[in-house]
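I have placed the structure first, in the form of structure tokens, so that the comments after it can refer back to it.
The values are calculated or read from the model by the stated rules, or taken from the named source; none is laboratory data. Because the structure is a prediction, the values reported are computed rather than measured. For neighbour counting, all protein chains shown are included, and Cβ atoms are generated from backbone atoms with ideal geometry for every residue, glycine included. Heads up: the accessible areas ignore ligands, DNA and RNA and are worked out on the full protein's heavy atoms, side chains in. Shrake-Rupley method; radii C 1.70, N 1.55, O 1.52, S 1.80 Å.
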Amino acid sequence: MAETSDESVRVTFERLAQQVRDELAAAGLPLVTPGLSPELAVGAEVRADMWNHHFHGEEPEVVVSWKVSPQLRSNAMAGARQGRGVTPAIRQSGEVQIAMAAAIIAILSAAGFTARDRDNDISPFDVQVLVGPEPGGQPSWAFPEEGLVSPCQPGSVAEA
């Protein structure tokens, strides 16, 4: 069965999202497992966001969000709901997300990706990944002597 154009686009962006997960894991960052309950999420959440493609006909995006601990997130949200201004939890949560966005951009840039702060008022701390490294290259974490490559690399078993 042939892939539809929408399916082909989704697969392309899901593959890029997996490459991003691989690089962030190689750098030692904790990753949010796709499908994990939001209450348990801590670390880098990488997703292929198809919203713009489905509703506006624009290119999908690969987006990375940093999830602080559930307790810090809960305390920050409680402070915001109560209208207490900038509480210590809100300040810390924001500063952590700013620092981690900068770190994620630096890590991905070093691995050959093009990434930037996402221009989104609703999610101001997200990172947008525009493109991955040149096709055919080995990730720096690969074991070339054993022939191991990322399952997202062209020619890999998952690719076939």
Taking all protein chains as present, what is the carbon and sulfur share of the accessible area of region 54-113, in % to the nearest whole number, probe 1.4 Å?
57
Spin-label pair Thr33/Ile98, simplified geometry with 7 Å Cα→Cβ offset, distance in nm
3.4
For region 8-24, take each phi angle, set θ = phi - 60°, evaluate the Karplus expression 6.51 cos²θ - 1.76 cosθ + 1.60, and give the result in whole Hz per residue in order, putting x for glycine and proline.
4, 5, 4, 4, 4, 6, 5, 5, 4, 4, 5, 4, 5, 4, 4, 5, 5
Can you pull out the trypsin sites (Lys or Arg not before Pro) in region 65-104 that DSSP calls coil and that have at most 16 other Cβ atoms within 10 Å?
Arg84
Taking R0 as 30 Å, what FRET efficiency do you get between Met50 and Asp121 from their Cβ-Cβ distance, rounded to the nearest 0.05?
0.90
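Would you tally the net charge around Ala102, using a Cβ to Cβ cut-off of less than 12 Å, leaving Ala102 out, and scoring K and R as +1, D and E as -1? The partial results should precede the final answer.
Values: positive: Arg116; negative: Glu95, Asp117.
Residues near Ala102 contribute -1 overall.
If R0 is 45 Å, what FRET efficiency do you get for Asp6 and Gln138 from their C-beta distance, rounded to 0.05?
Values: r = 31 Å, r/R0 = 0.69.
Working from the Cβ atoms, E equals 0.90.
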